[in-house]
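Below is one structure; the comments refer to it alone.
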């Protein structure tokens with residue numbers, strides 16, 4: 001049985017990573033591929049603690065926050081991602097390591113963040129949705145009530161710039177313009193890249 005593809009969607013909150021994760025999953029399913037979508041933080045106990053912090057209901061220092069994300073990711077990788085990939089299931093994750101590096105690097109040493117995430121598997125393909133912070137904040141305001149910790153326009157713009165600096169951290173990382181055009185156009189660009197990657201690596205999809 002061939003190993004499944006591991007694909008990650010990244011970007012500031014409001015950039016559309018959840019939407020594109022769903023659209024890519026549907027496209028693969030239509031091609032009769034086994035696919036599993038997931039996200040970080042997860043729905044585990046540790047992931048729940050992280051969401052409480054993001055909602056500003058509990059304050060922790062940046063180092064503790066980074067270690068909680070690493071613990072959540074370790075459980076995610078070992079209990080979900082690796083077993084599914086071994087079974088030939090394609091795994092699409094809405095956020096992964098680049099999110100930690102982009103969101104948390106202003107409060108913690110970037111090289112230390114890279115070190116504590118070094119043992120986790122690299123994605124086969126990574127897509128960074130490039131959307132300005134102001135547009136992300138406007139989308140969030142329209143879609144739900146209230147903002148989380150990183151969701152001011154200024155913080156979202158800083159995160160966007162951090163992502164662009166990290167575009168060479170993993171091989172096969174692609175920066176996709178995620179604003180000023182229909183979400184279907186964004187999807188078409190992502191699918192085109194997935195098809196090309198599979199063709200180059202003789203993966204049948």
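Summary table
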{"read-out": "Residue list for the stretch 73-103, filter: farther than 16 Å from residue 163 by Cα, in contact (Cβ under 8 Å) with a residue 12 or more places away in the chain and assigned to a helix (DSSP H, G or I)", "value": "73, 74, 75, 76, 77, 80, 81, 82, 84, 85, 86"}
{"read-out": "Residue check, residue 199 without any contact (Cβ under 8 Å) to a residue 24 or more places away in the chain, assigned to a loop (DSSP other than H, G, I, E, B) and closer than 28 Å to residue 2 by Cβ", "value": "no"}
{"read-out": "Boolean, residue 121 is touching a helix residue (DSSP H, G or I) at 6+ places or on another chain (Cβ under 7 Å), in a loop (DSSP other than H, G, I, E, B) and closer than 25 Å to residue 34 by Cα", "value": "yes"}
{"read-out": "Some residue of the stretch 1-14 being under 22 Å from residue 82 (Cα atoms) and either assigned to a helix (DSSP H, G or I) or out of contact with any helix residue (DSSP H, G or I) (no Cβ under 9 Å at 6 or more places or on another chain) (or both)", "value": "yes"}
{"read-out": "Scope the stretch 158-184; condition farther than 13 Å from residue 15 by Cα and in contact with a strand residue (DSSP E or B) (Cβ under 9 Å, 6 or more places away or on another chain); matching residues", "value": "164, 166, 167, 169, 170, 171, 172, 173, 174"}
{"read-out": "Residues located in the stretch 184-205, provided they are in contact with a helix residue (DSSP H, G or I) (Cβ under 9 Å, 6 or more places away or on another chain) and either modelled with pLDDT under 95 or within 14 Å of residue 127 (Cα to Cα) (or both)", "value": "186, 187, 190, 191, 194, 203, 204, 205"}
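Listed here are the residues, each with its yes/no results for (1) crowded, with 19+ Cβ neighbours inside 10 Å; (2) under 14 Å from the mean Cα position of the chain (by Cα); (3) closer than 23 Å to residue 161 by Cβ.
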site	(1), (2), (3)
18	no, yes, yes
28	yes, no, no
45	no, no, no
105	yes, no, yes
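The values are calculated or read from the model by the stated rules, or taken from the named source; none is laboratory data. This one's a predicted model, so the numbers in the text were calculated from it and none came from an experiment. We place every Cβ from the backbone using ideal geometry, glycine too, and count neighbours over all the protein chains shown.
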